[in-house]
Amino acid sequence: MAFSELLDRVGSLGRLQVLQAVALAVPLMWLTTQNVLENFSAAVPAHRCWVPLLDNGTAQASAPGALGPDALLAVSIPPGPRHGPHPCRRFRRPQWQLLAPNATATNWSEAATEPCVDGWVYDRSTFTSTIVAQWDLVCDSQALKPMAQSIFLAGVLVGAAVTGQASDRFGRRLVLTWSYLQMAVWGTATAFAPTFPLYCLFRFLGALAIAGVMMNTATLRRCPWPGRGEGPEGSGVTLRLLAVMEWTSTRARVLAMTFNSLGYSFGMVLMAAVAYGVRDWALLQLAVSVPFFLCFVYSWWLVESARWLLITGRLERGLRELQRVAAINGKSAAGDALTMEVVLSAMQEELSASRAPASLGNLLCTPGLGLRTGVSTLCWFAFGFTFFGLALDLQALDSNIFLLQVLIGVVDMAAKLGTLLLLSCVGRRPTQAASLVLAGLCILANALVPREMRPLRSALALLGLGWIGVAFTCVSIYTGELFPTVLRMTAVGLGQMSARGGAILGPLVRLLGVHHPSLPLLVYGAVPVLSGLTALLLPETQNLPLPDTIQDVQNQSVKKATHGARGPSVLKSTQF
């Protein structure tokens, strides 16, 4: 009896799986709010220099005549690049000549201005407080905002390595529970951070825990299979899906994965709703962090992965968890019939079905796999780089960021559901290439649209992010089909690491905007276009059996080359 058959006996899609799916989807929604939180908590309000004539009651009283605020503003602040008050300069002395009837905007010189040496005054009509206003992350310090976002995303990358090892040693549920607590603690601490460096530190620590939640709910990890050279003594990587995934059969896994992935989409909508009601950044930080205390409390009820327990030698506890699942699913008789001998028999088949792992060098050096590895990794990078570069800077679209955040969530849901249809009707390679190229073209087109055409800019941005969502769903499936079983999870792991690296770099590209406002969009658009074109070098995998060995991949290439040579046109793709 294989482990999957053992799982069917206790129930692979019953009450336990439904309850556990819901219990894990709720934290995923709140986790997404942490990822896109700084669209609101780090929003840049309209600002100008603090000047005595406007912001000091004594100085304002000494102004000549009965001058209104607009007149005092005109003599105190030079015009800015968008025809409003300059956000980073002020006049050294009031320029009274600008009030003359025949005065023009050129009746002053750059030498008459100075930086905002006394601080800034911020527009608090939309947000009562943001970290930008609290720590003056504007003008010469504007680079600190994208730097903080990259530090947060770097924490996710580091946390993936740390929590992946920890979950294989201490168990999925324990690390997941600990991650919930850490997210609650560090998220709450962030709301009370007295300085910007401490804010970045607490966000980084919270990101470590975010990686723990993502990894132990449904994502990449190392899994110590005895006798396979993995774990502490090896470097094999496997895709291990906790909770819902390790407690569901193959036929139910797609449904569970889709349900979990939609949790991220709903989280984007949830973020907009919470931010709309809470306009103070510290209170908003608390609002999206405190719920993890509740997640920490109920996570002790979650069922540990029996597969992990059995593989790591915890046989008695694994048997108890199987019997517990059987009881919850209404199959107590099947649970009582389970014995240690039955469990050991299932484990023996599970271990004997495994293969020796291959190294990363096989991906890069084996003929036919090197190109696949490079192109798929580039597609992963393009997703992380472009999505997080754009999705964390909604304010650049000069539209209602609350509505935009909701629409991104809705578009993301449609993209995830629509991708499944595209993959079955069009195929993997055309979908992968077209989604990336179309996303890039939408972004490049936005660089040409005037800022005054806000609806068009927002529509193009949403369309681009939608296609990026299609590209992500496609590459997640496509990568698994391109590589043999002995290398599949190593390839997926390399791709996800590349995506996280791209996510770290994405926000930093916005710093190029100081040279030209359209330069970041040109970079964000060029990367997916080039990646999409390189995706055309990959072979089509639709309706092909999954290769188990490197030899299977090479055999598929030979068959494809032979078939192409007999046809009316020859496709030079034998390198695959």
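Quick look at the values:
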| read-out | value |
| --- | --- |
| Projected label distance in nm at Leu315 and Thr126, using a 7 Å step from Cα toward the beta-carbon | 6.3 nm |
| Ordering of 205-215, 377-387, 117-127, 523-533 by burial proxy (mean other Cβ atoms within 10 Å per residue, highest first) | 377-387, 205-215, 523-533, 117-127 |
| Using θ = phi - 60° and Karplus 6.51 cos²θ - 1.76 cosθ + 1.60, couplings along segment 375-387 (whole Hz; Gly, Pro as x) | 5, 5, 5, 5, 5, 4, 4, 4, 4, x, 5, 6, 4 |
| Rough spin-label spacing in nm, given labels placed 7 Å along Cα→Cβ, for Val158 and Arg82 | 3.4 nm |
| Around Gln95: net Lys/Arg minus Asp/Glu count, Cβ-Cβ under 13 Å | +2 |
| Accessible area per residue in Å² at 1.4 Å probe, computed on segment 394-486 | 38 Å² |
| Mean separation of Cα contacts under 8 Å, 6 or more apart, over the residue count of segment 428-517: relative contact order % | 26 percent |
| Contour minus Cα-Cα distance for Leu174 and His516 (0.36 nm per residue) | 118.2 nm |
| Listed peptides 492-498, 434-440 by packing density, highest first (mean Cβ within 10 Å) | 434-440, 492-498 |
| Cα→Cβ-extended label distance, 7 Å offset, between Ser141 and Leu99, nm | 3.3 nm |
| Residues whose placed amide H lies under 5 Å from that of Arg90, excluding near-sequence neighbours | Glu114 |
| Contour excess over end-to-end distance, with Cα ends at Asn56 and Leu530 and 0.36 nm allotted per residue | 165.2 nm |
| Heavy-atom accessible surface of segment 152-209: percent carbon and sulfur, 1.4 Å | 81 percent |
| Protection-proxy order for peptides 404-413, 83-92, 471-480, each taking the mean of Cβ atoms within 10 Å per residue, highest first | 471-480, 404-413, 83-92 |
| Sequence-distant residues sharing a close amide H with Ala46 (under 5 Å, placed H) | Asp123 |
| Stretchable slack from Tyr276 to Leu344, in nm (0.36 nm times residue separation minus alpha-carbon distance) | 19.0 nm |
| Karplus-derived HN-Hα couplings along segment 276-289 (A = 6.51, B = -1.76, C = 1.60, θ = phi - 60°), whole Hz, x at Gly and Pro | 5, x, 10, 9, 9, 5, 5, 5, 5, 4, 5, 4, 9, 10 |
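The values are calculated or read from the model by the stated rules, or taken from the named source; none is laboratory data. Computed from a predicted structure; not experimentally measured. So basically every Cβ, Gly included, is an ideal-geometry build from the backbone, and we count neighbours across all protein chains shown. For accessibility, only protein heavy atoms count, side chains too; no ligands or nucleic acids. Shrake-Rupley method; radii C 1.70, N 1.55, O 1.52, S 1.80 Å.
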